[in-house]
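Worksheet: the structure to be examined is printed underneath.
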Amino acid sequence: MSALVSGSVGRLPGEPPIDIGGADAARAARDELTKGIYHRDEPGLVSRVLVWARDWLADVFGRIAAVSPGGWWGLVALAAVVVLAVVVVRWRVGALARTRARTDGTVFAGTVRSAAEYREAARAAAARDDHEAAVRDGFRALVRELEERTFLDERPGRTADEVAREGSVIAPEAAASLRTAAREFDEVCYGGRVATVRAYDEIRAADDAVRRIRRPAGAAGAVPVGGAPR
């Protein structure tokens with residue numbers, strides 16, 4: 001310290017010591033210690049922050065593990081259960097949302113056109129590779145076909161599932177095609193699935209099956225509301 005102080009006040013070799021006050025000595029020491037040579041080996045700010053964060057997290061998890069049954073292994077098991085629960089909840093919510101969309105999704109919206117008009121619109125959409133519109137209008141065409149031929153009553157709010165169920169009563173031979181078409185319509189229009197050429201082909205096949213339906217002699221007219229078995 002004497003050498004530090006003597007150097008700071010500029011004493012020449014061989015000169016007698018100079019008495020300085022405590023405040024001056026402390027100031028001289030602080031000035032000396034601010035030089036970079038004394039700090040070049042210290043960790044940087046980022047390193048200090050990372051070390052602090054590591055120690056803090058270790059302390060937090062250590063406290064949790066201390067009160068968790070099974071210690072660290074119990075903590076790991078608890079974390080795995082939480083992750084699994086989140087995955088299951090997200091999957092169930094997504095599945096329920098899709099089911100709700102399919103259940104609430106009606107076939108018609110806005111002005112209802114004739115079966116021939118819907119059929120032509122579907123063909124035009126398919127020609128320009130708009131498969132979603134082709135699926136939507138193609139299914140509406142077969143529903144209007146059933147209504148126009150009085151196999152089904154004209155009922156606003158009818159869903160695709162109801163069309164398949166009620167149509168199967170009238171024409172059991174077309175039941176499989178109707179169920180497939182209803183599923184394609186729901187999944188594309190309300191379930192967020194990308195429409196494909198195959199989906200439109202399924203709709204068109206169901207439409208062809210509907211157009212081949214022949215009413216048996218003496219058969220009743222349209223299926224009444226609530227008349228189809230569930």
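The values are calculated or read from the model by the stated rules, or taken from the named source; none is laboratory data. Model, not experiment: these values are computed from the prediction. For neighbour counting, all protein chains shown are included, and Cβ atoms are generated from backbone atoms with ideal geometry for every residue, glycine included. Please note that ligands, DNA and RNA were not included when accessible areas were found on the heavy atoms of the full protein model with its side chains. Shrake-Rupley method; radii C 1.70, N 1.55, O 1.52, S 1.80 Å.
Distance between the 7 Å Cα→Cβ label points at VAL194 and ASP208: 2.7 nm. Taken per residue, the accessible surface of the range 115-212 reaches 44 Å², heavy atoms only and a 1.4 Å probe. For the range 115-212, the fraction of 1.4 Å probe accessible surface lying on carbon and sulfur atoms is 46 percent.
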